[in-house]
Structures are given as structure tokens and as C-alpha cells.
1. Whether any residue in the range 70-77 is within 21 Å of L234 (Cβ to Cβ), in contact with a Phe, Trp or Tyr (Cβ under 7 Å, 6 or more places away or on another chain) and of a type in the set (G, A, S) is what I want to check.
2. Tell me, yes or no, whether the range 94-109 has at least one residue that is in contact with a Leu (Cβ under 7 Å, 6 or more places away or on another chain) and either among the hydroxyl-bearing types (S, T, Y) or outside any helix (DSSP H, G or I) (or both).
3. For the range 213-244, how many residues are in contact (Cβ under 8 Å) with a residue 12 or more places away in the chain, open to solvent by 10 Å² or more (accessible area, probe 1.4 Å) and either closer than 30 Å to H136 by Cβ or not basic (K, R) (or both)?
4. Is it true that some residue in the range 384-391 is over 20 Å from F327 (Cα atoms), assigned to a helix (DSSP H, G or I) and open to solvent by less than 50 Å² (accessible area, probe 1.4 Å)?
5. Does R320 fit the bill of being in a helix (DSSP H, G or I), buried (at least 19 other Cβ atoms within 10 Å of the Cβ) and among the charged types (D, E, K, R)?
6. Going through the range 392-403 one residue at a time, which ones are in a helix (DSSP H, G or I) and either hydrophobic (A, V, I, L, M, F, W, C) or open to solvent by less than 10 Å² (accessible area, probe 1.4 Å) (or both)?
7. Please work out if L126 is modelled with pLDDT of 85 or more and open to solvent by 10 Å² or more (accessible area, probe 1.4 Å).
Amino acid sequence: MAEQRKSDFSRGSIAKNILSLAVPLTVAQLTVVLYNVVDRAFIGHIDTIGRDAFTGIGLVMPVTYIVTAFANLCGTGGAPLFSIARGREDDRQASRIMGVAFTLLLLLGAGLTVIFYLFQTPVLYLVGGSDDTVVHARNYLQIYLIGVIPVMISLGMNPFINAQGFGKVGMMTTLLGAVINLILDPALIFGLRMGVQGAALATVIAQTCSAVWVLTFLTGKRAVLRLEKAGLGLEPSILRRICGLGLTGFTFSVTNSLVQALGNSQLQAYGAATGSGDLYVAAMTACVSVREIVFQPIRGLTQGGQPVLGYNYGAGKYSRVRESIRFLTLSCLAYNILIWVLLLAFPHVFILLFNDDPALLEVGVTTMRIYYAAYVMMSFQMIGQNTFVALGRAKNAVFFSLFRKVALVVPLMLILPRLWGLGAYGVFISEPVSDLIGGAACYTTLMCTVWRDMKRPDEPSAECPDRQ
């Protein structure tokens with residue numbers, strides 16, 4: 001009963017409920033990023049080959065985004081439905097949702113491992129690789145693929161821990177792995193002289209430890225609802241709902257992969273004339289790596305708000321849904337303004353985390369200021385998308401995820417380099433333009449739909465249908 005009260009988000013302070021999940025979730029998200037970013041930082045400082053190896057890891061990023069996308073399909077698709085079912089006190093349905101999500105995750109992980117292993121070399125050239133960089137990318141990827149299923153378990157099932165109110169346990173999932181990764185990286189890369197392969201092996205070991213932690217908790221006595229053998233399988237009706245709602249997190253990561261791959265290939269093409277293709281790819285890798293770090297508190301806040309939004313919506317507490325949106329808007333905007341100023345004022349500090357090559361530093365300072373010119377607008381994009389997900393409004397969430405990346409970024413990356421002699425810099429300009437338009441459109445729609453609908457009176461005992 002104590003654990004049930006602990007995860008009842010229809011009571012107490014909205015800010016306290018959200019932060020109790022968001023703070024540990026943010027730490028968890030940051031440590032997830034550390035798996036990859038720490039690898040890049042160590043790899044970028046390897047003697048003689050540092051810049052080429054760092055660029056090679058940038059080629060692997062589209063693959064890691066795809067793996068994350070399928071993990072998100074299961075986690076961000078299943079966990080909000082799990083929260084809504086718990087808000088209605090339908091624990092049997094909630095447990096079944098978790099079991100279906102886990103089954104789907106295992107099948108997808110096995111499939112991705114086989115596909116990428118068979119086609120790794122052509123994929124790496126397709127996403128902007130050169131003969132100098134593909135060799136490093138392939139050395140990393142061949143080992144990373146061994147850990148695809150553990151990566152997906154730790155990413156895809158951790159939301160079910162957070163959805164039960166165990167934010168600190170969710171934080172430990174990735175904190176455990178990050179600490180192991182941080183210890184093993186220098187030991188394997190430099191101590192045993194394994195280079196890029198050592199970084200990949202450290203990541204696989206760390207993610208496996210995180211996956212074991214997740215499964216131990218979800219099958220143990222502390223969980224409010226446990227992952228049990230009887231709940232496994234692929235029930236069609238639940239599977240459709242998970243995939244429908246999970247398309248938001250899925251498309252977010254898939255389109256990140258698409259944009260990263262397209263950006264790398266465009267930069268390679270426009271830099272070929274001056275022999276600067278690899279240099280521009282390295283600058284883009286630095287920009288994206290920094291974004292992964294500074295973006296996580298926004299993701300932590302908005303995803304930490306999902307169980308609170310979903311639970312109160314399922315319980316008919318509409319005034320608390322509005323209060324949650326208001327809190328998320330103010331807190332995310334305050335954080336993003338601070339980060340925005342730091343990025344524009346001190347870009348060289350962030351680039352030096354990964355490599356100190358003078359040519360990369362010169363190009364990187366300019367490209368980073370371009371890339372982050374409208375970064376503050378990402379607050380509005382994430383608040384809108386995650387609120388739509390939390391309330392089961394899959395169509396809205398998927399639309400705005402696709403709108404920003406596919407309808408805006410991709411065409412801009414193809415068009416802008418051809419205009420006004422922008423060349424490679426046009427690829428970087430596409431990001432702030434899409435941030436501005438996408439963020440404004442998503443948040444405006446949120447206020448005109450969800451905010452308006454949530455002005456109706458609270459109905460504590462009402463059965464609120466999912467909105468698809």
C-alpha cells in the first residue's frame with residue numbers, strides 16, 4: 001500500500017511529483033548520453049588518429065539512433081499506456097502492456113543486430129564515410145552490435161520503472177552503466193591500447209550491466225507491477241496501441257538518424273572540392289555531441305512529466321494536467337535560455353572536450369554558433385510532443401516529430417547549400433530554421449487543443465478514453 005500511494009500522481013504538488021521523476025530521469029538520460037559522448041571524447045584524443053577516429057564515430061551515430069528509435073518504440077509507446085491504465089486502476093491491463101512491450105523489444109533487437117552486421121560497410125559509406133574514417137567506424141560498430149539487445153532493454157524498459165514512481169531506481173539503471181563505462185574507457189582505449197575497439201567493448205559491458213539491473217528490478221518484489229512470464233507475448237490490440245503511440249519517440253530517433261546521415265553526406269560532398277569533407281563531418285559530430293548533453297535536462301523534465309500527465313488524465317484530474325503543462329513550460333524555458341547563452345558565448349570550450357585540432361576548432365566555433373542560433377525554441381517542441389504522448393494523442397505527437405525533421409530539416413539541408421554560396425554552412429543553418437518553425441507550430445497546436453480541452457471540470461471517477 002505504501003508503494004501504491006507513492007506512485008499516486010493525483011495527489012500532492014505537481015512540481016514535486018514531476019521533479020521527483022524528472023531529476024533522477026535527467027541524471028539517467030545524461031548518463032545514457034555519456035555512453036557515447038565519453039567514448040567520442042576519449043577517441044578524439046587518441047594520438048595521431050584522434051580526429052579521423054572521432055569523425056568515424058560520427059558515422060556510427062545514425063546506427064545508434066536507429067537502435068534508440070526501436071527502444072523508444074517500445075518504451076515511450078508502452079509506458080504512457082501503462083500509466084493511463086494504472087490511473088484507471090486496471091493493473092491487469094498495465095501488466096499486459098509491459099509484457100507485450102518487452103516481447104516486441106527482444107524481437108526487434110535481434111533483427112537489428114543481424115541487419116547491421118550484414119550491411120555495416122555499405123551503410124557507413126552511405127552516411128558520409130571516407131576511406132580514412134570508415135575503418136575506424138567499422139572497428140567500433142562490429143563490437144557495438146554485440147550489445148544491441150542489452151542497450152534496448154536498458155533504454156526501452158527503464159520507462160516502466162519511472163512510470164511506477166521509482167525515479168531513483170531508473171536513475172541507477174544508467175548511472176551504474178555510466179560509471180562502469182567511464183572506468184573501462186581509459187583502461188581499454190589507452191591502458192590495453194585497444195583504441196576504438198576498446199571504447200566499443202566498454203560500452204557493451206556497461207550496457208549489459210544496466211540491462212541486468214532493469215530486469216532484476218522489474219521482476220523483483222519492490223516493483224508495484226512486475227514483469228512476469230505470463231504477461232509476455234504479442235497481443236495484437238495492445239501491440240497496435242504501443243506502436244501507434246511509440247511512433248513519436250521512434251520517429252524522433254529515426255529522423256535524427258536520417259538527418260545525421262544526410263548531413264554527413266552533404267558535408268562530405270560540399271567539402272570535397274577543398275578537401276575539407278572530413279573536417280566538416282567532425283564539426284557536425286561535435287555539434288550533435290554537445291546537443292546530446294545539453295538537451296537531456298529538457299528531455300528529462302518532459303519525460304518525467306509524462307507519468308504525471310498520463311495518470312491525472314486517466315483519473316480525470318484535468319486541472320492538474322493544465323498545471324503540469326504550465327510548470328513544464330516555465331522550467332524548460334528557464335533552463336534552455338541559460339544553455340543557449342552559454343553555447344553562443346563559449347563554443348570553443350565545448351569543442352575542446354572532443355578534440356584540440358586547430359582546424360577543427362576554427363571551423364567548429366563558427367558552425368556551432370550557426371547550429372544553435374535558435375536552440376531555445378526546442379523547449380516548445382519537446383513540451384508539445386511529450387504532452388501529446390502522455391495523453392495518448394499519437395497522431396499529434398507523430399506529426400510534429402516528422403514535421404520538424406522530415407518536412408523542414410531534410411529539404412533545407414538539400415536546398416540551402418545551393419543558395420547564396422552557403423555550401424557546407426547551409427547544412428548547419430537548416431537546424432535553427434527548423435527549431436524556430438517546428439517549436440512554434442508544435443506549442444501553438446498544444447495550446448489550441450490540449451490546453452483548451454483540459455479546461456473542462458475535473459471528473460475524478462470518469463473513465464477517460466484514449467485519444468488516438
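1. No, there is no match, as no residue in the range 70-77 is within 21 Å of L234 (Cβ to Cβ), in contact with a Phe, Trp or Tyr (Cβ under 7 Å, 6 or more places away or on another chain) and of a type in the set (G, A, S).
2. yes
3. Residues meeting the conditions: 16.
4. No, the range 384-391 contains no residue that is over 20 Å from F327 (Cα atoms), assigned to a helix (DSSP H, G or I) and open to solvent by less than 50 Å² (accessible area, probe 1.4 Å).
5. yes
6. Residues satisfying the conditions are A394, A397, V398, F399, F400, S401, L402, F403.
7. no
Per-residue answers, yes or no, for (1) modelled with pLDDT under 80; (2) on the phi > 0 side of the Ramachandran plot; (3) surrounded by 24 or more Cβ atoms within 10 Å (Cβ to Cβ); (4) not charged (D, E, K, R):
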{"site": "T274", "(1), (2), (3), (4)": "yes, no, no, yes"}
{"site": "Y280", "(1), (2), (3), (4)": "no, no, yes, yes"}
{"site": "A283", "(1), (2), (3), (4)": "no, no, yes, yes"}
{"site": "A286", "(1), (2), (3), (4)": "no, no, yes, yes"}
{"site": "E292", "(1), (2), (3), (4)": "yes, no, no, no"}
{"site": "F295", "(1), (2), (3), (4)": "no, no, no, yes"}
{"site": "G305", "(1), (2), (3), (4)": "no, no, yes, yes"}
{"site": "V308", "(1), (2), (3), (4)": "no, no, yes, yes"}
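The values are calculated or read from the model by the stated rules, or taken from the named source; none is laboratory data. Everything quoted here is computed from the prediction, not taken from an experiment. Neighbour counts run over all protein chains shown; Cβ positions are idealised from the backbone, glycine included. Keep in mind that these areas ignore ligands, DNA and RNA; they rest on the heavy atoms of the full protein, side chains included. Shrake-Rupley method; radii C 1.70, N 1.55, O 1.52, S 1.80 Å.
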